[in-house]
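K.L.:
Right, I'll just put the structure down here and ask away after.
The values are calculated or read from the model by the stated rules, or taken from the named source; none is laboratory data. Not measured: the values here are computed from a predicted model. All Cβ positions, glycine included, derive from the backbone under ideal geometry; neighbour counts span all protein chains shown. Heads up: the accessible areas ignore ligands, DNA and RNA and are worked out on the full protein's heavy atoms, side chains in. Shrake-Rupley method; radii C 1.70, N 1.55, O 1.52, S 1.80 Å.
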Amino acid sequence: MADSGPAGGAALAAPAPGPGSSGPGPRVYFQSPPGAAGEGPGGADDEGPVRRQGKVTVKYDRKELRKRLNLEEWILEQLTRLYDCQEEEIPELEIDVDELLDMESDDTRAARVKELLVDCYKPTEAFISGLLDKIRGMQKLSTPQKK
């Protein structure tokens, strides 16, 4: 028998609460493993399997995560070439892909990356152009902030 998820139970998605509901969001229920309370000999089988409530907090598309990981590896490789050093020696800088995706145009994205690479003595135009090509069509991974 194949492993069917956490605690040996199958995950069953419940519908999300409707508008005006005071619930915090969608819930996932996990069936109790065989032999748990309410099942098997001497248990109360009349009500069906006992369900424990679990909460799903974030859902990411695995394909998007893979694209993002590949992009980050490419960025590190390019930065080690631009700064002519090992990964650990790259100056502290953060290229926030989600921030770039939020920007209106490639010109503003390019200006932001150029600003981040101000200390780089090698030409950065090829890196910036390559980065903009790679992020085109990507989706943001940040979760929306609750207000």
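K.L.:
Would you work out what percent of the accessible area of the range 62-136, with all protein chains in place, is carbon or sulfur (probe 1.4 Å)?
P.N.:
Within the range 62-136, the accessible surface is 46 percent carbon and sulfur.
K.L.:
Here's a follow-up. How far apart, in nanometres, would the label points at residue 126 and residue 72 be if each is projected 7 angstrom from Cα along the Cα-to-Cβ direction?
P.N.:
In this crude label model, residue 126 to residue 72 measures out at 2.6 nm.
K.L.:
Another question about this same structure. Across all directions of projection, what mean area in square nanometres is found for the Cα convex hull of the range 62-136?
P.N.:
Quarter of the Cα hull surface area: 4.9 nm².
K.L.:
How high is the FRET efficiency from residue 112 to residue 86, r the C-beta distance, R0 22 Å, rounded to 0.05?
P.N.:
Numbers: r = 26 Å, r/R0 = 1.16.
Result of the calculation: an efficiency of 0.30.
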